[in-house]
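Coordinate-derived values only; no laboratory data. Predicted model, so just to flag it, every value in this text is computed and none were measured. With ideal geometry, Cβ positions are generated from the backbone for all residues, glycine too; neighbour counts draw on all protein chains shown.
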Ligand code: SF4
């Protein structure tokens, strides 16, 4: 591949929020504004040290997520973007996204970001029901979501995405329908719908785990399928388990994750994947700052992927999207029989969970609904095939008393 053809996405993590939402287990610190200055110094130093070594790459997407980047402030975000631009490797056509929360969206700051080249805004709206917003610890109400969208448009943003959550405590299907209708009425280019996940260690886990206030699995399934149908009817096609867009407004940065593209992350807890190298930084913000400023190690995990790892990811991530997977691509990533997988996919198709179009296997909405289980079955079949072809691997594992490793399926983050 010619040097000029190499593309990379850049992720910058901003781990600061005004307060902590009840369901949040992301790397974000509430009310630690004093750390923002040193954190910014650390991120800029890291960029200055790393970017000159990425001469083979052009940056075609930038995603500033968190945390709450809009709370961190447009001035700091602008400095970060200028650092990226100073390399002359940030493509003019790059998709540049900034995550915002409705309570920290200011017109002047949005304009600053737009002038600096940011062309996509992702707003954490979550629900149109103010009661529910309060219950889950959000700091804003729906009126502020409407205002945030209006301000983003006034600042010149066409590509606006809204994040929504379903399956909230005491949420009814009617309530979810109302949220969807109000979100659609705002005419965003992109909508993400995530099911609530109660993560251990969060206040909402303690309060609602096993609680009857959480909608049942059946009710959540109804909410999900209702969203798929309604959004489709309003011109938002489902291109990933949780993501819906008007044609041409798919998140190009997130597509890079699902299509095994290269990406590099900066900031606490940021992950990178370049070729077969995968690494992440510490999620302890203080450790990250002192590590970068004191020239100490900030790597949390690092691994060299094998072809088998890559093939598992190809299955796991590819099947999250509407484009799915193909025999040809699978063989290019991992030269091993596709037939066992195809056999299983045929069974899925008989149940209405998968379909084959133009030589590509993909899930139907019903398949997306149970995709964790289906992808788990595909991965197991792949692992079985690997052991059948290489019995020594199983023996090696068994003599070391280790369990057969299976990759885990994770949900994308939400803000
Ligand atoms: S959910 Fe988002 S806004 Fe809320 S605390 Fe977590 S990162 Fe911050």
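Values computed for the structure shown
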{"read-out": "The stretch 3-258: projected area of the alpha-carbon convex hull, averaged over directions, in nm²", "value": "13.6"}
{"read-out": "Separation between Cα centres of the stretch 215-241 and the stretch 1-41, rounded to whole Å", "value": "29"}
{"read-out": "Compactness of the stretch 9-63 as Cα Rg over 2.2 N^0.38 Å, two decimals", "value": "1.41"}
{"read-out": "Inter-centroid distance (Cα atoms) of the stretch 331-347 relative to the stretch 123-201, Å", "value": "39"}
{"read-out": "Cα gyration tensor shape of the stretch 45-120, rounded if a/c is under 1.5, else prolate or oblate by comparing a/b with b/c", "value": "prolate"}
{"read-out": "The chain: antiparallel DSSP beta bridges as a percent of all, rounded to 5", "value": "40"}
{"read-out": "GNM top mover of 181, 270, 189 - the chain, alpha-carbon springs below 10 Å", "value": "181"}
{"read-out": "Value of [θ]222 nm, deg cm²/dmol, for the chain, DSSP H segments ≥ 4, -39500 (n - 2.57) each, nearest 500", "value": "-12500 deg cm²/dmol"}
{"read-out": "Extension gain, residue 246 back to residue 346 (0.36 nm per residue minus Cα-Cα distance, nm)", "value": "33.0 nm"}
{"read-out": "Contour excess over end-to-end distance, with Cα ends at residue 173 and residue 387 and 0.36 nm allotted per residue", "value": "72.5 nm"}
{"read-out": "Rounded FRET efficiency, nearest 0.05, which uses the C-beta distance separating residue 332 from residue 53 and R0 of 30 Å", "value": "0.60"}
{"read-out": "Cα-based shape type of the stretch 307-399, given that a ≥ b ≥ c are square roots of the gyration tensor eigenvalues and the cut on a/c is 1.5", "value": "prolate"}
{"read-out": "At 1.306 mPa s and 10 °C, Stokes diffusion of the stretch 1-102 via Kirkwood alpha-carbon radius, µm² per second", "value": "109"}
{"read-out": "Among beta bridges that DSSP assigns inside the stretch 119-275, antiparallel share in %, nearest 5", "value": "35"}
{"read-out": "Ranked by how many other beta carbons lie within 10 Å on average, peptides 330-343, 276-289 from highest", "value": "276-289, 330-343"}
{"read-out": "Three-way shape call for the stretch 109-206 based on the alpha-carbon gyration tensor, with the a/c threshold at 1.5", "value": "prolate"}
